[in-house]
Amino acid sequence: MKDRVAIVTGGGRGIGRAIALAMASRGAKIAVADLNAADAEAVSKEVESLGIRSIPVVVDVSQEESVKELFGRVKEEFGGVDILVNNAGITRDALVLRMKEEDWDSVININLKSVFLCSKEAVKIMAKKRYGRIVNIASVVAFMGNPGQANYSASKAGIVGLTKTVAREYASRGITSNAVAPGFIQTAMTDALPEDVKEQMLGSIPLGRFGSVDDVANAVIFLASEASGYITGHVIHVNGGMFM
Ligand code: NAP
């Protein structure tokens, strides 16, 4: 990955931070794109401490103008983009009967529309270079469903369809588009769940542990590297066997 340029959305913490650091440790220059300026700045500094060039960019991935500014800034700083990791995501959980329309909309916009907006900007640049790696972070709930997560599971299932369509549309330009579907990964997003829910989930994981952010980053690294050049439209499940 040496000297490749990567954008990691939601790179300011959790899984995105781990992906940014893992790619940097393999030589990729990193744009840490996050809604939270302080987090993006902090991760960008961590990357630079590895001796790798990095910029923090504040972005709202659900807003077209903001996404265009992100890609403009990265192009200006690094001259292009080789790797896009669409990782930013949120949850707004409630049972369908109680789910507010605004919570449906914000999850669909931040988790799914963002992947469309960022992929659109990325392929414009990657197609000219005839090289690109797009890796989208989906979720096991795209395949299993999950009570309380109608908006989230629909957004993640949407990502899987979008991943495959982008793969078919841009394969001829040397761009691959794949997804990683994590199971239960220990981050701020999952720390917030009640203990009994966590225990119940642990019981459904054959490998007997929750995943780490590095478990996810390892799969992303493969799909973002040259080693995965003959793989496109694929989903790698990183879930300890809870769905197979
Ligand atoms: P996290 O700790 O909540 O981090 C998400 C990051 O995305 C935060 O830095 C957040 O910024 C940023 N973000 C939120 N909205 C944004 C927006 N509109 N524009 C730009 N950045 C935005 O989450 P995580 O657990 O690392 O999850 C990362 C990805 O993995 C998500 O797509 C999630 O759905 C997926 N995933 C996670 C798990 C899990 O078990 N943790 C399982 C399956 C899939 P703020 O700090 O400002 O909110």
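The values are calculated or read from the model by the stated rules, or taken from the named source; none is laboratory data. Only a predicted model underlies this, so the values are computations on that prediction, with no experimental measurement involved. Cβ coordinates were reconstructed from backbone atoms using ideal geometry, including for glycine residues, and neighbour counts include every protein chain displayed. The protein model used for the area step is the full one, side chains on, heavy atoms only, and it has no ligands, DNA or RNA in it. Shrake-Rupley method; radii C 1.70, N 1.55, O 1.52, S 1.80 Å.
Things worth noting here:
- The number of residues in segment 163-197 that are open to solvent by 40 Å² or more (accessible area, probe 1.4 Å) and touching a strand residue (DSSP E or B) at 6+ places or on another chain (Cβ under 9 Å) comes to 8.
- Filtered residues of segment 132-142 (kept if more than 11 Å from the ligand (Cβ to nearest atom) and either open to solvent by 30 Å² or more (accessible area, probe 1.4 Å) or touching a residue at least 60 places away in the same chain (Cβ under 8 Å) (or both)): 133, 135
- Unmet requirement for residue 177, which otherwise passes all of (1) within 14 Å of the chain's Cα centre (by Cα); (2) in contact (Cβ under 8 Å) with a residue 40 or more places away in the chain; (3) within 15 Å of the ligand (Cβ to nearest atom): (3)
- Elements of the type helices (runs of 4 or more DSSP H) sitting completely within segment 18-128 and holding at least 3 residues that are open to solvent by 40 Å² or more (accessible area, probe 1.4 Å), near the ligand (Cβ under 10 Å from one of its atoms) and not aromatic (Phe, Trp, Tyr): these cover 37-48.
- Residue check for residue 55: on the phi < 0 side of the Ramachandran plot, without any contact (Cβ under 8 Å) to a residue 60 or more places away in the chain and among the aliphatic types (A, V, I, L, M): yes
- Looking across segment 1-17, the residues that are surrounded by fewer than 24 Cβ atoms within 10 Å (Cβ to Cβ) and not aliphatic (A, V, I, L, M) come down to 2, 3, 4, 13, 14.
- Criterion (loosely packed, with under 15 Cβ neighbours inside 10 Å, assigned to a loop (DSSP other than H, G, I, E, B) and touching a helix residue (DSSP H, G or I) at 6+ places or on another chain (Cβ under 9 Å)) met by exactly one of 241, 208: 208
- Scanning segment 199-244 for residues that are of a type in the set (D, E, K, R) and within 11 Å of the ligand (Cβ to nearest atom) yields a total of 1.
- Residues in segment 161-197 that are in contact with a Phe, Trp or Tyr (Cβ under 8 Å, 6 or more places away or on another chain) and assigned to a helix (DSSP H, G or I) were compared, and the one that is modelled with the highest pLDDT is 162.
- Note on segment 12-38: residues that are charged (D, E, K, R) and under 13 Å from residue 54 (Cβ atoms) total 3.
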